[in-house]
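Following: one structure in structure tokens, then a few remarks.
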Amino acid sequence: ALERTFSIVKPDATRRNLTGKVNAMLEEAGLRIVAQKRIVMTRLDAETFYGVHKERPFFNDLVEFMTSGPVVVQVLEGENAIARNREVMGATNPAEAAEGTIRATFAENIEANSAHGSDSAENAAIEIAYFFSGSEIVG
Ligand code: CMP
């Protein structure tokens, strides 16, 4: 089915000027960038966005990292976009990510792993609505 998912080019990738290279990999995977903006997340944005992880030991570091520089938030559209995006990103830990994936190619470590992608249709809808209004998404 035609789906939309939410994606972030994380601060480690924007710092190394890799936004275009990440976007090229997304597009080559059949995903269309139907909304995109470069922002700096506030602490509240990051804490809200990663709320499900607030009890995890890495939560504070993760919030620090996600607010440490610009990110590019995106809405991606395509056939099975959620699974396709997760496939092209690769595993969370770049050491475990398949060759040719965004994280295997660019990620620095399990935290600074260059990309985020929604893990379900339900979360995609929540994440998209947090960062984008309907009129900013042009399919
Ligand atoms: P993401 O897919 O955005 O979801 C949660 C993020 O937490 C993950 O990518 C990483 O950036 C970060 N993270 C840091 N340490 C860990 C860990 N041990 N396990 C999972 N995620 C981690």
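Computed quantities for the displayed model
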item	result
Candidate set: segment 79-100, residues that are more than 13 Å from the ligand (Cβ to nearest atom), free of Cβ contacts under 8 Å to residues at least 24 places away in the same chain and outside any helix (DSSP H, G or I); chosen: the one surrounded by the most Cβ atoms within 10 Å (Cβ to Cβ)	Ala98
Selection count where residues are surrounded by fewer than 17 Cβ atoms within 10 Å (Cβ to Cβ), closer than 20 Å to Leu18 by Cβ and of a type outside the set (A, V, I, L, M, F, W, C), scope segment 37-67	2
Candidate set from segment 1-52 (those that are outside any helix (DSSP H, G or I) and of a type in the set (D, E, K, R)); member that is farthest from Ala129 (Cα to Cα)	Arg16
Which numbered condition Tyr50 misses (of (1) in contact (Cβ under 8 Å) with a residue 60 or more places away in the chain; (2) within 13 Å of the chain's Cα centre (by Cα))	(1)
Test: residue in segment 64-84 that is acidic (Asp, Glu) and farther than 20 Å from Ser120 by Cβ	yes
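A short reminder: the numbers here are calculations on the coordinates, not readings from a lab. Here the structure is a predicted model, which means the values were calculated and not measured. Reconstructed Cβ throughout: ideal geometry from the backbone, glycine too, with neighbour counts over all protein chains shown.
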